[in-house]
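All remarks here apply to the structure that follows.
The values are calculated or read from the model by the stated rules, or taken from the named source; none is laboratory data. Not measured: the values here are computed from a predicted model. Neighbour counts are summed over all protein chains in view; Cβ atoms, including those assigned to glycine, are modelled from backbone coordinates with ideal geometry.
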Amino acid sequence: MTITTLPDRVAAQAGATRPVSLRERLQDLLPKIVLAPSFVAVIVFVYGFILWTVYLSFTNSKTFPNYNLTGTRAYERLWGWTFESDPPSSWYTSITNLGTFGVLYIGLCMALGLLLAILLDQKIRGEGILRPIYLYPMALSFIVTGVAWKWFLDPGLGLEKTLHAWGWESFHFDWIKNKDRVIYTVVIAGVWQASGFVMAMFLAGLRGIDSEIMKAAQIDGATTVQLYRRIVIPMLRPIFLSAFIVLAHMAIKSYDLVVALTSGGPGGSAWLPSNFMYEYTFKRNEMAVGSASAVIMLMTISAIIVPYLYSELREKGR
Amino acid sequence: MSTASSSAEGRSTLDRVVIYGLLGLFAAFYLIPLFVMLVTSFKPMDEIQSGNMLALPRDPTIEPWMKAWGEACVGLTCAGIKGYFWNSTKMVVPAVAISTVLGALNGYVLTKWRFRGHKVVFGLMLFACFIPFQAVLLPMATILGSLGRFGNDLQDLIGTSLGFGNPTVNLVIVHVVYGLGFTTLFFRNYYEAFPTELVKAAQVDGASFFQIFWRIMLPNSAPIFVVTVIYQFTNIWNDFLFASAYAGSGDVMPMTVALNNVVNTSTGVVEYNVNMAAAIIAALPTLFVYVVAGRYFVRGLMAGAVKG
């Protein structure tokens with residue numbers, strides 16, 4: 001606030017002696033001129049395009065955009081498909097997959113991340129080597145992760161074959177080719193990729209806890225388990241929230257991993273809503289339905305992100 | 001007394017064993033896929049089919065790597081992935097540079113030259129980071145389509161398209177636009193903590209907007225530049241959605257799309273060793289950055305996650 005008054009004052013002083021020159025006025029406007037292109041780009045390419053997509057979802061666009069509004073037909077079809085479970089519609093599969101994937105992915109990443117962070121926080125030798133090992137998958141693209149795990153989980157090549165070779169002949173693991181199980185392989189690869197990152201978040205949180213509090217609790221006779229359950233984990237609440245937001249947002253946006261790991265799974269059984277959107281919009285010539293599914297994805301993410309951002313920005317402003 | 005302390009010691013040794021055991025187990029969980037990729041990429045095909053995937057190559061060969069780089073088939077073209085690697089490079093460098101510089105300027109304005117409504121502007125840019133890109137995918141395709149037609153007209157008219165409709169240029173535009181939110185966020189949060197007094201003092205001394213940015217802000221921005229560049233580089237290099245939507249076929253594909261096609265191209269025997277070599281090549285740039293600047297990589301991830 002105080003900053004803005006300064007150029008104003010300088011300008012006012014200048015104005016007292018002589019009229020403000022064009023050059024000076026330009027100087028005052030300069031910050032806004034610099035910001036403007038980015039701001040306009042975001043308004044047009046993000047918010048304008050979102051409105052455009054919303055508009056398209058109320059048309060009957062097929063292969064090409066059609067700008068005659070025809071009402072909520074696309075949403076009605078999605079709504080109908082939502083309950084069509086026998087045989088399951090692609091949309092039903094996509095949203096139930098998102099439910100399964102979202103819950104397991106978020107839950108496992110948090111559990112594993114917290115466990116690793118707590119273990120690493122026990123004054124471990126070699127932490128500097130272990131931490132980067134847990135975190136490196138985050139630097140890989142989902143495509144690379146998908147290719148690696150596709151090979152690893154392939155019954156004829158990877159884990160199953162290896163265990164057979166080691167003598168465990170009855171071991172059977174073909175989830176990646178099983179339409180009811182394939183979504184769990186996406187969970188495995190996703191957790192492999194993101195859990196190290198959650199570990200890093202929790203570790204930063206643990207390092208931020210005042211060691212005096214821990215010592216005091218230990219003197220009072222708290223066991224390690226009690227210490228973590230009653231004191232440390234409750235103090236990590238903000239990190240849980242951040243991790244949840246990040247993971248939920250990543251889960252809803254997940255697209256590449258399904259493509260690379262499963263190519264959509266047998267009969268599209270591994271689809272998430274993002275895959276549904278892409279397929280319907282660009283391959284099945286159902287542009288309106290694709291747009292409607294994109295709008296639903298956007299609303300889901302907004303329901304999670306907007307309250308969070310709002311509270312963060314408000315706290316910051318105070 | 002002595003028994004009590006020795007049993008406590010025994011327990012703590014046991015604790016240590018359990019802790020290190022678990023940590024080692026998880027380290028294996030994270031490393032094994034990379035290890036399997038690496039050893040597979042150095043094995044000849046018959047060794048893959050007959051041998052154990054965890055075994056070191058008995059007869060190591062770099063042929064799969066040569067093949068992935070120069071001969072592997074992407075769809076119908078069999079010229080390796082080198083061209084696509086180059087495509088990604090051409091796209092990443094300008095996209096990262098432009099989005100980072102714009103982010104720095106935006107962050108500077110939003111912290112040191114505040115105006116009424118600066119919070120709304122920032123809030124709108126921040127939310128843009130989190131939208132599912134599916135919500136903008138189709139309109140962007142339409143716009144890029146008309147840019148392409150405009151480029152064709154120009155080509156006919158003046159002999160050059162001036163880059164309009166060029167898929168690499170398109171992807172640069174897309175990545176700059178949808179990366180702006182994050183780069184602005186990074187610089188805004190960094191400059192927020194930068195002493196405003198210095199800026200004020202320079203203003204009193206008559207320094208202009210750009211002089212202050214150039215002489216005062218930039219020399220103090222090295223860490224956040226590194227963080228932002230790494231974050232953007234990793235994201236853009238690894239992007240698949242935009243790449244497949246706007247440059248999904250032909251010889252203009254970026255690396256991620258090409259890799260996915262190499263793996264899914266099924267002409268004859270699937271050459272897993274070549275696939276793995278190609279995957280590692282695709283991952284090398286970001287892995288390299290991670291190895292040399294891991295600290296900054298993590299900071300970028302955290303800044304993108306725990307905003308404020």
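Got a number for residues in segment A:250-301 being part of a loop (DSSP other than H, G, I, E, B) and either more than 16 Å from the chain's Cα centre (by Cα) or under 17 Å from B:ASN261 (Cα atoms) (or both)?
10
Could you list, in sequence order, the residues of segment A:263-287 that are aromatic (Phe, Trp, Tyr) and closer than 19 Å to A:PHE58 by Cα?
Of everything in segment A:263-287, those that are aromatic (Phe, Trp, Tyr) and closer than 19 Å to A:PHE58 by Cα turn out to be A:PHE276, A:TYR278, A:TYR280, A:PHE282.
Could you identify the single residue in B:PRO60, B:PRO44 that is away from chain A (no Cβ under 11 Å), touching a Lys or Arg at 6+ places or on another chain (Cβ under 8 Å) and under 21 Å from A:PHE152 (Cβ atoms)?
B:PRO60
Based on this model, can you work out whether A:MET199 counts as facing another protein chain (nearest Cβ under 10 Å), in contact (Cβ under 8 Å) with a residue 40 or more places away in the chain and in a helix (DSSP H, G or I)? Can you show your working first?
On the way: facing another protein chain (nearest Cβ under 10 Å): yes; in contact (Cβ under 8 Å) with a residue 40 or more places away in the chain: yes; in a helix (DSSP H, G or I): yes.
Yes.
Look at B:ALA279 and say whether it is within 24 Å of A:MET250 (Cα to Cα), aliphatic (A, V, I, L, M), in contact (Cβ under 8 Å) with a residue 40 or more places away in the chain and at the interface with chain A (Cβ under 8 Å from one of its Cβ atoms).
Numbers: within 24 Å of A:MET250 (Cα to Cα): yes; aliphatic (A, V, I, L, M): yes; in contact (Cβ under 8 Å) with a residue 40 or more places away in the chain: yes; at the interface with chain A (Cβ under 8 Å from one of its Cβ atoms): yes.
So B:ALA279 fits the description; yes.
Which helices (runs of 4 or more DSSP H) sit wholly inside segment B:203-308 and have at least 2 residues that are among the β-branched types (Val, Ile, Thr) and surrounded by fewer than 22 Cβ atoms within 10 Å (Cβ to Cβ)?
By residue number, B:222-238, B:272-305.
Here is a list: B:PHE133, B:PHE150, B:PHE164. Which entry is aromatic (Phe, Trp, Tyr) and either in contact (Cβ under 8 Å) with a residue 24 or more places away in the chain or within 30 Å of B:ILE212 (Cα to Cα) (or both)? Lay out the reasoning, then the answer.
Values: B:PHE150 fails: either in contact (Cβ under 8 Å) with a residue 24 or more places away in the chain or within 30 Å of B:ILE212 (Cα to Cα) (or both); B:PHE164 fails: either in contact (Cβ under 8 Å) with a residue 24 or more places away in the chain or within 30 Å of B:ILE212 (Cα to Cα) (or both).
The conditions single out B:PHE133.
Just to check your reading of the model, which residue among A:THR70, A:THR100, A:THR53, A:THR63 is surrounded by 13 or more Cβ atoms within 10 Å (Cβ to Cβ), out of contact with any Gly (no Cβ under 7 Å at 6 or more places or on another chain), more than 21 Å from B:ILE131 (Cα to Cα) and not hydrophobic (A, V, I, L, M, F, W, C)?
A:THR100
Considering only residues that are within 8 Å of chain B (Cβ to nearest Cβ), closer than 21 Å to B:PHE122 by Cβ and aliphatic (A, V, I, L, M), which ones fall in segment A:19-58?
The answer is A:LEU30, A:VAL34, A:LEU35, A:ALA41, A:VAL42, A:ILE43, A:VAL46, A:ILE50.
Out of the residues in segment A:235-249 that are over 13 Å from A:ILE106 (Cα atoms) and at the interface with chain B (Cβ under 9 Å from one of its Cβ atoms), which is modelled with the highest pLDDT?
Among them, the one singled out is A:ILE239.
Which one is nearest to A:LYS253 (Cα to Cα) among residues in segment B:89-138 that are part of a loop (DSSP other than H, G, I, E, B) and not aromatic (Phe, Trp, Tyr)?
By that ranking, first place goes to B:PRO132.
Please enumerate the residues belonging to segment B:20-57 that are at pLDDT below 90 and part of a helix (DSSP H, G or I).
Passing the criteria: B:MET45, B:ASP46, B:GLU47, B:ILE48, B:GLN49, B:SER50.
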